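Working notes, structure below.
The values are calculated or read from the model by the stated rules, or taken from the named source; none is laboratory data. Note that the structure is a prediction, hence the values are computed from the model and not measured. Ligands, DNA and RNA are excluded from the accessible area calculation, which covers all protein heavy atoms including side chains. Shrake-Rupley method; radii C 1.70, N 1.55, O 1.52, S 1.80 Å.
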Amino acid sequence: MTHTPWKRKDLLGLRDLTAEEIELILDTAKSFGEVSQRDVKKVTVEVHKRAHELVGNRDLSWCWAPQTVECANQSIPYLVAVALLEGAVTIRSFDEAHLSNQDVRAMMEKIEVVENQEFTKAFNKEVLDDDPALRGFDRLPREHRARVTVETNDGARYTAETGGDVDDLS
């Protein structure tokens, strides 16, 4: 049976993450295909403050132990765990078997979601040009940056980053 990876249009439930952040999670999983064969020691996901507070904070029990599709599809640790273990996030990733999968839960325990202050600055950057009418307004589009680093028990490190480039849509 072939499983089709999520497309940007399918990620509507992830309202607090941008398409670029979701793409990073999925692209990271693809580029780290060999990681699933190794023993992952730690995964660090760096995001801006808003993403950390809303969908990655350890104090959010729903985020770290999602019981429903609605919680899982907005949980950075869940999405990263599934992507690393399976190489993609598919519709099947949100079925009951996945939501209660002990391998997914064990991988989630190795994940740390942290605020990167540079990413927060970029997210909060204001328009500061010569037009006084624009001063104080958020720069649009905002910059959404994210970085995923996977460390294995044998000392290998894999890092992927997105956001900040001229062509990145936010």
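Express the relative contact order of the stretch 75-128 as a whole percentage, based on alpha carbon pairs under 8 Å and six or more residues apart in sequence. Each step should come with its number before you reach the end.
Details: 24 pairs, mean separation 21.4, N = 54.
Once divided by the residue count of the stretch 75-128, the mean separation gives 40 percent.
Amide H contacts for Lys41 (H built 1.01 Å from N in the peptide plane; partners 5 or more residues away or on another chain; cut-off under 5 Å): Glu151, Thr152, Asn153.
Quick one: order Glu161, Glu46 from most to least accessible surface, probe 1.4 Å. Intermediate values should be presented prior to the final figure.
Values: Glu161 100, Glu46 30 Å².
Per-residue accessible area, sorted high to low, gives Glu161, Glu46.
Amide H to amide H distances under 5 Å link Val89 with Trp6, where only residues 5 or more positions off or on other chains count and H is placed in the peptide plane.
Contour minus end-to-end for Glu70 and Leu54, with contour as 0.36 nm per residue of separation and end-to-end as the Cα-Cα distance?
Details: separation 16, 0.36 × 16 = 5.76 nm, distance 1.36 nm.
In short, 4.4 nm is gained.
Sequence-ordered 3J(HN,Hα) estimates for the stretch 45-60 from the Karplus curve with 6.51, -1.76 and 1.60 and θ = phi - 60° stand at 10, 9, 9, 6, 4, 4, 4, 4, 5, 8, 9, x, 6, 4, 6, 8 Hz, glycine and proline given as x.
Ordered from longest to shortest, the equivalent ellipsoid semi-axes for the stretch 74-119 are 21, 12, 9 Å, each the square root of 5 times a Cα gyration tensor eigenvalue.
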